[in-house]
Amino acid sequence: MTKIFLFQKGQDFSPEYALQKSLHLFDSDSDFHAVKLEHQKSGQPYLSGIPYTISISHSGTFWGCALCDCDKIGFDIQIVEQNREMDSIAKRFFHPAEYSHLCQTQFSDFFSIWAAKESYVKYLGSGIDENFCRFSTVDQNGLLSAINGAALYPIKCDSSYRVFCCGGKSTPSLYYFAKKKGY
Amino acid sequence: MENLLNTLQSIIYEITGKQGITYETDLVKDLQLNSFDLINIVCACEKKFHITIETREIWKLHRIKDVISYLQDKGVQ
């Protein structure tokens, strides 16, 4: 079971509250007040004292996490912003097949590829390293539905954001807390 | 060193809209930047200063003073 929780940040937003709310919605039978969010040396977050896996991301006005009862999960949200260094980033950090796909599609999938790649390296626990450009999230048919056996799920929530979840045994459920739906 | 600070302030403002950056500013904790923001800043610095920043080095650059020190080690004035 994988659940994704997305919160639009307002003035009174706190990640601690969002995390507690997410945990309660994930498993309403357990008491999570003693649970602590900790980080590995690599920066990867984990929850001490409970057998659930977490991945966290933030971008623009959103904070989100994926919770899972499996061993590994990767989650990423990225706001679509056209003024970014897309060509430089794609040349250096993307796989040649991804760069080629972007050139053929006027870079329309740039942020999807970014979020998909980040969700995969979070799933692996490696973060962005020199291997980031050595795997591809696309083939000749477009974005893949799995990378090296890890399922890749695009999550639709707001048209200005790209959201991906990697890993887990079934399609994630989305819990969306925002002022209005973008789709 | 002040020139580098001014240049980094401009780069970061252009990419993220964040202001009030000092030598002590932490890119993640204080500015709340995510990986994509950091990669954008890295690419902009590489373009501006004609250098290459190794991927493994990016995640060691926590504060602005770390970035300035790294750039100076690369010969950037």
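Can you pull the three principal axis extents for the Cα set of the stretch A:11-63, in Å, largest first?
Projected onto the principal axes, the Cα atoms of the stretch A:11-63 cover 31, 28, 15 Å.
Restricting to Cα pairs below 8 Å that are 6+ residues apart, what does the relative contact order work out to for chain A? Please round to a whole percent.
Dividing the mean separation by the residue count of chain A yields 26 percent.
Anyone know which of A:Leu37, A:Leu67, A:Leu102 comes out most mobile in the 10 Å Cα GNM of chain A?
A:Leu37
Expressed as a whole number of Å, what is the distance separating the alpha-carbon centroids of the stretch B:57-77 and the stretch A:70-100?
24 Å
Between A:Gly127 and residues 5 or more places away or on another chain, which pairs have amide H atoms under 5 Å apart, with H built 1.01 Å from N, and which residues are they?
Under 5 Å from the amide H of A:Gly127: A:Lys122.
Can you check what the net charge comes to around A:Leu47, using other residues whose Cβ is under 12 Å from the Cβ of A:Leu47 (Lys, Arg +1; Asp, Glu -1)?
-2
Under a Cβ-Cβ cut-off of 9 Å, what is the net charge of the residues other than A:Leu67 that fall near it, where Lys and Arg count +1 and Asp and Glu count -1?
-1
Per q in 0.15, 0.16, 0.17, 0.19 1/Å, what log10 I(q)/I(0) does a Debye calculation on the alpha-carbon atoms of chain B return?
Summing over Cα pairs of chain B leads to -0.43, -0.49, -0.56, -0.72.
With θ taken as phi - 60° and the coefficients 6.51, -1.76 and 1.60, list the Karplus ³J(HN,Hα) couplings across the stretch A:91-98 in order, rounded to whole Hz; mark glycine and proline as x.
Working through the residues one at a time gives 5, 8, 9, 9, 5, x, 5, 5 Hz.
Putting +1 on Lys and Arg Cβ atoms and -1 on Asp and Glu Cβ atoms, find which of A:Gln104, A:Gly125, A:His24 reaches farthest to the positive end of the dipole of chain A.
Positive-most Cα among the choices belongs to A:Gln104.
Would you mind getting me the FRET efficiency between B:Gln77 and A:Leu25? Use the beta-carbon distance for r and R0 = 51 Å, nearest 0.05.
Efficiency computed from Cβ-Cβ geometry: 0.45.
Looking only at Cα atoms, what is the convex hull volume of the stretch A:44-127 per residue, in Å³? Numbers along the way, then the final one.
Working: hull volume 8.3 nm³, N = 84.
Per-residue hull volume (Cα only) is 99 Å³.
Per residue of the stretch A:157-167, in order, report the coupling 6.51 cos²θ - 1.76 cosθ + 1.60 (Karplus, θ = phi - 60°) as ³J(HN,Hα) in whole Hz, putting x for Gly and Pro.
Each residue's phi maps through the Karplus curve to give 9, 8, 5, 8, 10, 10, 10, 9, 10, 10, x Hz.
Cut-off under 21 Å on the C-alpha distance; same-chain residues fewer than 8 positions from B:Lys65 excluded. Which lysines are left, in chain and number order?
B:Lys18, B:Lys29, B:Lys47, B:Lys48, B:Lys74
Can you run phi through the Karplus equation (6.51, -1.76, 1.60; θ = phi - 60°) for the stretch B:49-55 and list ³J(HN,Hα) in whole Hz, with x for Gly and Pro?
For the stretch B:49-55, the Karplus curve yields 9, 6, 10, 10, 9, 4, 4 Hz.
Treating only the Cβ of Lys, Arg, Asp and Glu as charged (+1, +1, -1, -1), what charge dipole size does the protein assembly as shown show about its Cα centre? Round to the nearest 20 debye.
320 debye
For a quick check: with amide H placed at 1.01 Å from N, whose amide H comes under 5 Å from A:Phe62's, ignoring anything fewer than 5 positions away on the same chain?
The list, which skips near neighbours in sequence, is A:Lys9.
Take chain B, mark every one of the GluC sites (Glu not before Pro) that falls in a DSSP loop and has at most 14 other Cβ within 10 Å, then report the longest stretch left between them, sites excluded.
Between the exposed loop sites, the longest stretch runs B:25-53.
Counting only residues 5 or more places away or on other chains, whose amide H sits under 5 Å from the amide H of A:Ala146 once H atoms are built in the peptide plane?
A:Leu152
Test of the criteria: in the stretch A:29-78, which trypsin sites (Lys or Arg not before Pro) are in a DSSP loop and have at most 10 other Cβ atoms within 10 angstrom of their Cβ?
Listed in order of number, the matching sites are A:Lys41.
Give me the three principal axis extents of chain A from the C-alpha atoms, as integers in angstrom, largest value leading.
That works out to 50, 33, 28 Å along the principal axes.
Starting from the Cα of A:Lys72, draw a straight line to each of the lysines and keep only those under 17 Å, dropping any in the same chain fewer than 8 residues away.
Reachable lysines: A:Lys3, A:Lys41, A:Lys117, A:Lys122, A:Lys169.
Taken together, the values in this text are just the output of simple stated rules run on the coordinates, not laboratory data. This is a predicted model, so every value here is computed, not measured. For neighbour counting, all protein chains shown are included, and Cβ atoms are generated from backbone atoms with ideal geometry for every residue, glycine included.
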